Amino acid sequence: MTKKIAILPGDGIGPEITEQAARVLGALGLDIEMSTAPVGGAAYDQHGHPLPPSTLKLAQESDAILFGAVGDWKYDNLERALRPEQAILGLRKALGLFANFRPAILYPQLANASSLKPEIVSGLDILIVRELTGDIYFGQPRGVREVADGPFKGERQGFDTMHYAESEVRRIAHVAFQAAAKRKGRLCSVDKANVLETSQFWRDIMIDVANEYPNVELSHMYVDNAAMQLVRAPKAFDVIVTGNLFGDILSDEAAMLTGSIGMLPSASLNDRNQGMYEPSHGSAPDIAGQGIANPLANILSVSMMLRYSFAETAAADAIEQAVSQVLDQGLRTGDIMAEGCRQVGTAEMGDAVVAALKNL
Ligand code: NAD
């Protein structure tokens with residue numbers, strides 16, 4: 001059956017990188033249909049909203065979304081609901097994208113790009129599974145109130161609410177155990193169970209779900225320790241599963257271990273394996289329109305799409321191999337440029353991946 005893919009290029013470098021990612025997708029000879037729609041600031045300019053109904057409808061009717069990036073400083077003064085980033089939250093909510101996969105992979109060819117010693121990070125391949133639709137980011141009540149009693153009585157107080165329902169923890173646990181089962185079989189659940197009730201509850205559910213996955217080894221780590229271990233011995237991890245707040249921070253930390261945000265894809269999936277695939281970086285307005293952005297994170301997002309939404313493992317592997325070959329050839333965009341390599345632009349990098357795919 002024809003797979004429907006919505007291409008949402010967005011702002012800044014978004015259109016430049018999705019163009020290359022769509023070319024790679026098109027070069028695989030799969031039965032797919034791609035349709036493009038504006039999102040973020042581009043959609044606000046055209047339709048007065050960062051996620052107009054026509055774009056949302058296209059996304060809902062698609063099997064997967066290839067997303068570029070959104071945001072630009074020129075929209076910073078808009079009211080919050082109309083800012084480009086709201087499109088991402090709107091898509092997550094409308095499609096129920098609760099499972100965020102953020103791999104941190106350091107290709108050996110790029111080991112020197114990390115600020116950590118090459119021996120600590122070379123060959124790094126970890127996956128962070130972050131719960132994306134719950135936790136303190138969405139918990140109610142929240143706001144600013146007047147303190148009724150105690151030492152701060154009469155003062156204004158900002159507050160948020162952290163909570164996780166059992167079904168929310170169970171479904172992300174299953175996703176993470178299944179991902180670990182397909183990798184090295186080690187899952188580390190990160191929480192703050194020594195302080196937070198929500199975390200203790202999270203841990204109890206993880207332990208319960210583990211009974212269904214005897215081949216996966218479950219361990220637990222407090223988030224402060226995880227933050228340290230990620231820079232001390234990151235290769236000790238295989239899959240990390242954690243809540244929305246901790247995952248937000250740890251996945252960015254893990255991304256920086258690789259030193260090259262332009263290389264890292266991400267996936268956000270719902271319970272029907274419908275997914276949104278995007279690079280981990282933003283819209284990079286500082287280099288937009290110059291043809292120099294690294295398209296590889298978006299190209300690798302296509303590989304994740306094929307793997308997670310379509311179970312097209314061979315095609316997903318082929319993209320990863322093609323990217324690795326292009327790096328072996330010494331081609332680099334500016335962000336990953338190193339001595340002895342040849343600097344190329346966005347389109348030339350896309351050309352090279354397409355050519356490598358055809359020669360596999
Ligand atoms: P950013 O990730 O856009 O850029 C950070 C730095 O990395 C910049 O110097 C940029 O030039 C560089 N960079 C990023 N991607 C690159 C690539 N593919 N190739 C080469 N260099 C690359 O983060 P920022 O500057 O903090 O944010 C810029 C805008 O992006 C803001 O409006 C922000 O809100 C938005 N943003 C969007 C997303 C998203 O769409 N998912 C995520 C983060 C930030």
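The values are calculated or read from the model by the stated rules, or taken from the named source; none is laboratory data. What you are looking at is a predicted structure, and each value in this text was computed from that prediction instead of being measured. Glycine also receives a Cβ, built like all others from the backbone with ideal geometry; neighbour counts cover every protein chain displayed.
Odds and ends about this structure:
- With respect to the conditions (1) in contact with a Leu (Cβ under 7 Å, 6 or more places away or on another chain); (2) in a loop (DSSP other than H, G, I, E, B), residue 21 falls short on a single one, namely (2).
- Meets criteria (more than 9 Å from the ligand (Cβ to nearest atom) and within 16 Å of residue 277 (Cα to Cα)) for residue 18: yes
- Some residue of segment 299-311 being free of Cβ contacts under 8 Å to residues at least 24 places away in the same chain and basic (Lys, Arg): yes
- Residue count, segment 29-67 (criterion: away from the ligand (no atom under 15 Å from the Cβ) and not in a strand (DSSP E or B)): 18
- Residue in segment 255-271 that is more than 28 Å from residue 295 (Cα to Cα), modelled with pLDDT under 95 and surrounded by fewer than 16 Cβ atoms within 10 Å (Cβ to Cβ) present: yes
- For residue 203, the conditions (1) in contact (Cβ under 8 Å) with a residue 24 or more places away in the chain; (2) surrounded by fewer than 23 Cβ atoms within 10 Å (Cβ to Cβ); (3) touching a strand residue (DSSP E or B) at 6+ places or on another chain (Cβ under 6 Å); (4) more than 28 Å from residue 320 (Cβ to Cβ) are fulfilled apart from (1).
- Residue, farthest from residue 21 (Cα to Cα), within segment 336-355, restricted to residues that are among the aliphatic types (A, V, I, L, M), within 15 Å of the ligand (Cβ to nearest atom) and touching a residue at least 60 places away in the same chain (Cβ under 8 Å): 338
- Selection status of residue 130, surrounded by fewer than 20 Cβ atoms within 10 Å (Cβ to Cβ) and touching a Ser or Thr at 6+ places or on another chain (Cβ under 7 Å): no
- Subset of segment 68-121 [surrounded by fewer than 15 Cβ atoms within 10 Å (Cβ to Cβ), within 16 Å of the ligand (Cβ to nearest atom) and in a loop (DSSP other than H, G, I, E, B)]: 76, 77, 78, 79, 115
- Close pairs (9 angstrom Cβ cut-off, 6 or more residues apart or separate chains): closer than 22 Å to residue 112 by Cβ and surrounded by fewer than 19 Cβ atoms within 10 Å (Cβ to Cβ) in segment 312-335, at pLDDT 95 or above and of a type in the set (Lys, Arg) anywhere: 329/342; 330/342
- Residue within segment 303-310 that is in the same structural domain as residue 27 (by TED's automatic domain parsing) and surrounded by fewer than 17 Cβ atoms within 10 Å (Cβ to Cβ) present: no
- Where helices (runs of 4 or more DSSP H) fall wholly inside segment 205-313, the ranges with 3 or more residues that are within 16 Å of the ligand (Cβ to nearest atom) are 244-257, 296-308.
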